[in-house]
Amino acid sequence: MQTYKKFQEHLTRELASIQSAGLYKRERIITSPQAVTIALQSGQQVLNFCANNYLGLSDSRELIAAARKAMESRGYGMSSVRFICGTQDLHKELEAVVAQFFGTEDAILYAACFDANGGVFEPLLDEQDAIISDALNHASIIDGVRLCKAVRYRYANADMQDLEAQLRAAQAQRFRLVVTDGVFSMDGNLAPLDKIHALAEKYGAMVMVDESHSAGVVGKTGRGATEEFNLRGKIEILTGTLGKAFGGAIGGFTTGKKEIIAMLRQRSRPYLFSNSLPPAVVGAGIYTFRYLSTSNVLQDKLHENTRYFIGQMQQAGFDVKPSQSAICAVMLYDAKLSQDMASRLLDEGIYVTGFYYPVVPKGQARIRIQISAAHEREQLDKCIRAFVKVGGELGVLKN
Ligand SMILES: *Cc1c(COP(=O)(O)O)cnc(C)c1O
């Protein structure tokens with residue numbers, strides 16, 4: 001009792017300090033499905049511009065039907081890990097369609113991409129090897145690298161001179177793996193995969209790309225960063241999530257060279273010691289990848305929406321980060337301004353999030369807008385009008 005009392009005081013103090021620093025995260029409660037128009041518990045109906053619902057599939061009737069059908073035929077839960085008795089025909093089918101979609105040799109499913117990244121490095125590399133990681137890589141990559149004994153090198157975000165310097169420094173190691181996000185989520189910039197691949201060839205390194213924000217979004221048919229750079233089948237390891245463009249439920253995968261996937265099935269701890277994906281998620285996943293392989297309607301609409309929205313925002317005089325994805329970062333620089341602006345936009349019925357230190361560097365506060373194929377033109381226009389109104393009142397427009 002006494003022990004917990006001390007710990008309780010400690011936590012109470014820490015929580016108070018998070019609050020007084022203005023960094024306390026609060027969750028806004030939604031009472032509708034995830035979609036473009038959502039209902040908040042406050043009773044307000046708002047247009048959603050901050051979900052990873054890039055293809056608008058989160059509330060798709062077709063995905064819900066596919067999930068229901070799989071649940072009816074294969075049950076609710078698996079109650080097992082894959083290698084004991086948790087593999088259904090549907091799991092193998094989803095792995096096959098994921099590999100087909102990305103033009104890779106094989107794929108392995110995880111409960112989340114966080115687990116895919118957490119379980120990819122340690123089984124493949126050891127203290128004789130090197131991991132060379134972009135400084136802005138996702139937290140799950142950083143954690144995964146920490147679990148591995150390989151020597152760590154870090155290069156500045158998308159900085160090819162720095163990557164080359166780190167590759168040179170890593171020449172003494174046995175194997176080298178360069179790892180990067182495909183799209184970086186705070187700026188929306190694309191990793192220069194063509195250059196990364198060329199440097200990796202030159203210095204004898206393999207490459208891993210986390211396609212979480214790029215798959216379904218980037219490339220003419222939404223196959224991700226490898227499509228954009230004509231590198232399909234040439235990257236050793238890709239990871240990705242079912243939690244963003246592909247319906248947004250849950251689940252992750254690693255896909256790439258077949259011997260790598262085979263080794264992960266033997267040794268990857270989040271795969272061996274965590275439950276199988278439920279049939280509903282797997283069934284809807286199969287439907288999604290099949291659908292996106294035969295139709296480009298959603299990918300085209302997303303590209304069109306993104307082009308239109310970013311163009312209009314630039315014309316309106318906003319300071320927008322150059323983006324090669326469906327992410328549009330409106331730079332405000334000041335933390336308080338980013339929060340004030342997001343809150344006034346919500347009053348206008350536009351749901352966006354302001355980001356500031358430590359999520360982005362100090363003095364780099366911004367509002368991040370995420371475009372979806374489900375946004376209609378008049379909804380994009382409503383968002384732009386609200387930004388212009390609020391931005392004008394707050395004096396953030398350039399012209
Ligand atoms: C969202 C994200 C993840 C985590 O994916 P989950 O499936 O939600 O765990 C991993 N990496 C990147 C780059 C992401 O953006």
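Derivation of every value follows stated rules applied to the coordinates shown; laboratory data play no part. Everything numeric here is computed off the predicted structure, so don't read it as measured data. Every residue, glycine among them, receives a Cβ derived from its backbone with ideal geometry; neighbour counts consider all protein chains shown.
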Legend entry - Qualifying trypsin sites (Lys or Arg not before Pro) for the stretch 14-117 [loop in DSSP, other Cβ within 10 Å: at most 12]: LYS25, ARG26
Inset, instruction - Take the Cα atoms of the stretch 111-266, find their three principal axes, and give me the spread along each one in whole Å, biggest first. - result: 43, 33, 27
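Once you sort the root eigenvalues of the Cα gyration tensor of the stretch 93-153 as a ≥ b ≥ c, which label holds: rounded (a/c under 1.5), prolate (a/b larger than b/c) or oblate (the other case)?
Note, shape of the stretch 93-153 comes out prolate.
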Legend entry - In the stretch 169-212, the trypsin sites (Lys or Arg not before Pro) that fall in loop regions by DSSP, at most 12 other Cβ within 10 Å: ARG174
Inset, instruction - Kindly provide the helix-only [θ] at 222 nm of the chain, computed as the sum of -39,500 (n - 2.57) over DSSP H runs of four or more divided by all residues, to the nearest 500 deg cm²/dmol? - result: -13000 deg cm²/dmol
Inset, instruction - Compare the peptides 127-140, 2-15, 231-244 by average per-residue count of other Cβ atoms within 10 angstrom and give them in order, highest first. - result: 231-244, 127-140, 2-15
Inset, instruction - Report, largest value first, the span of the C-alpha coordinates of the stretch 57-200 along each principal axis, in whole Å. - result: 55, 34, 25
Legend entry - Charge dipole magnitude, Cβ of K and R +1, D and E -1 - the chain, Cα centre, debye nearest 20: 460 debye
Inset, instruction - Hand me the chymotrypsin sites (Phe, Trp or Tyr not before Pro) from the stretch 271-334 located in a DSSP loop with no more than 13 other Cβ atoms within 10 Å, in residue order please. - result: PHE273
Inset, instruction - Inverting the mean 1/r over all pairs of different Cα atoms, compute the Kirkwood radius of the chain and quote it in Å. - result: 22.3 Å
Inset, instruction - Could you name the aspartates and glutamates whose alpha carbon sits less than 17 Å from that of LYS382, not counting residues in the same chain fewer than 8 places away? - result: GLU304, ASP347, GLU348, GLU393
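Would you mind computing Rg(Cα) / (2.2 N^0.38 Å) for the stretch 295-371, counting N as its residues?
This ratio for the stretch 295-371 stands at 1.16.
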Legend entry - Relative contact order computed over the stretch 66-205 (Cα-Cα under 8 Å; 6+ residues apart), in percent: 18 percent
Inset, instruction - Return a whole-number percent for the relative contact order of the stretch 175-242, with Cα pairs under 8 Å and 6 or more residues apart as the contact set. - result: 33 percent
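Using only C-alpha positions, report the orientation-averaged shadow area of the convex hull of the stretch 215-274, nm², one decimal.
Mean projected area for the stretch 215-274: 4.5 nm², to one decimal.
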Legend entry - Share antiparallel - DSSP beta bridges, the stretch 181-279, percent rounded to 5: 60 percent
Inset, instruction - Have a look at the DSSP beta bridges in the chain and tell me what percent are antiparallel, nearest 5. - result: 55 percent
Inset, instruction - Jot down the radius of gyration and Dmax of the stretch 344-399, Cα atoms only, both in angstrom. - result: 12.6, 35
Legend entry - Stokes-Einstein D (µm²/s) once Rh is taken as the Kirkwood radius of the stretch 219-370 over alpha-carbon pairs, at 20 °C in 1.002 mPa s: 116 µm²/s
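Once the convex hull of the alpha carbons of the stretch 227-308 is built, what does its volume come to per residue, in cubic angstrom?
On the way: hull volume 9.7 nm³, N = 82.
It is 118 Å³ per residue.
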Inset, instruction - With an 8 Å cut-off on Cα pairs and a minimum separation of 6 or more residues, tell me the relative contact order of the chain in percent. - result: 22 percent
Legend entry - Using θ = phi - 60° and Karplus 6.51 cos²θ - 1.76 cosθ + 1.60, couplings along the stretch 79-91 (whole Hz; Gly, Pro as x): 6, 6, 7, 4, 7, 8, 8, x, 10, 9, 3, 5, 5
Legend entry - Out-of-range pairs (alpha-carbon distance over 30 Å; input LYS92/LYS244; LYS220/LYS389; LYS6/LYS149): LYS220/LYS389; LYS6/LYS149
